[in-house]
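Nothing in this text is a laboratory measurement; each read-out follows from the coordinates by a stated rule. In this text, all values refer to a predicted model and were calculated from it rather than measured experimentally. Positions of Cβ are generated from backbone atoms using ideal geometry, with glycine treated the same way; all protein chains shown enter the neighbour counts.
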Amino acid sequence: MVAWLHLDFILKITQQHDYNRRKRLDSDRKIAEITLETKTRRIKDITFNIKNLRFRCKRCATFCCKLGGPKLSVRDVERLEKAGYNKEEFLESGRWGLKGKADGSCVFLQFNQERGFHECSIYDVRPILCRLYPFYLQKMSPDLFMLRIMPCRGISRRVGKLIDERFIINHLSYATSSE
Ligand code: SF4
């Protein structure tokens, strides 16, 4: 398997996540180990601990949008500004992250009156951490990453895309495609 991914970058940005909040969500699961080639940083192998899981985002905003505003990469900020948003309205002072509301939900989470539920108002330009959700990486050694899943209503055994090697590569590539 030869796929080059920004795994080191993903690790850096996911490590900036609010892990105190995440730790309270104790149902996160270790689903696969990803091994990189030392020199090239290409994926050498993916070994699954849990098989036959599927994922389809329901855009339910149940977990991911209520963990506080995620940390942002420089590109995240540039993307939001390009989409017409002003830093003052979304960037939390003293922290390179999206502002959160008093209840812990993201500042861009809005109630859609027509559809009758909350949804992300910047879905197409959402930050990398939001695009990665519910997956995140834990570094086990310089060349070994553990892929884990945080609580999410989009994970099931029956509905959605099978979380296999191709899915992981596509998902991580998509999440970092503009980095
Ligand atoms: S990532 Fe999961 S929790 Fe977040 S909106 Fe999609 S299904 Fe819901």
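Taking every Cα-Cα distance in the chain and sorting them into 5 Å bins from zero, the calculated P(r) comes out as 1, 8, 16, 20, 20, 16, 10, 6, 2, 0, 0 percent. Here the Karplus relation 6.51 cos²θ - 1.76 cosθ + 1.60, evaluated at θ = phi - 60°, turns the backbone of region 66-73 into coupling constants of 10, 9, x, x, x, 5, 10, 8 Hz, with x for every Gly and Pro.
When a/c is below 1.5 the answer is rounded, else prolate if a/b is larger than b/c, else oblate, so apply that to region 67-148 with a ≥ b ≥ c taken from the square roots of the Cα gyration tensor eigenvalues.
On the way: a/c = 2.00, a/b = 1.51, b/c = 1.32.
Since a/c reaches 1.5 and a/b is larger than b/c, the shape of region 67-148 is classed as prolate.
Taking Cβ atoms as reference points and 15 Å as the exclusive limit, the residues near Phe111 contribute a net charge of +1, counting Lys and Arg as +1 and Asp and Glu as -1.
Cross-link partners of Lys12 among aspartates and glutamates, defined as those whose alpha carbon lies under 16 angstrom from its own and excluding same-chain residues fewer than eight positions apart: Asp76, Asp143, Glu179. Phe48 sits among other residues whose Cβ lies under 9 Å from its own Cβ, and their net charge, with Lys and Arg +1 and Asp and Glu -1, is -2. Restricting region 58-118 to chymotrypsin sites (Phe, Trp or Tyr not before Pro) that sit in a DSSP loop and have at most 14 other Cβ atoms within 10 Å of their own Cβ leaves Trp96.
Each Cα pair under 8 Å and six or more residues apart adds its separation to the average, and for region 3-175 the resulting relative contact order is 33 percent. Kindly provide the trypsin sites (Lys or Arg not before Pro) of region 102-179 that DSSP labels as loop, not H, G, I, E or B, and whose Cβ sees at most 10 other Cβ atoms within 10 Å. Passing sites in region 102-179 are Arg115, Arg157, Arg158.
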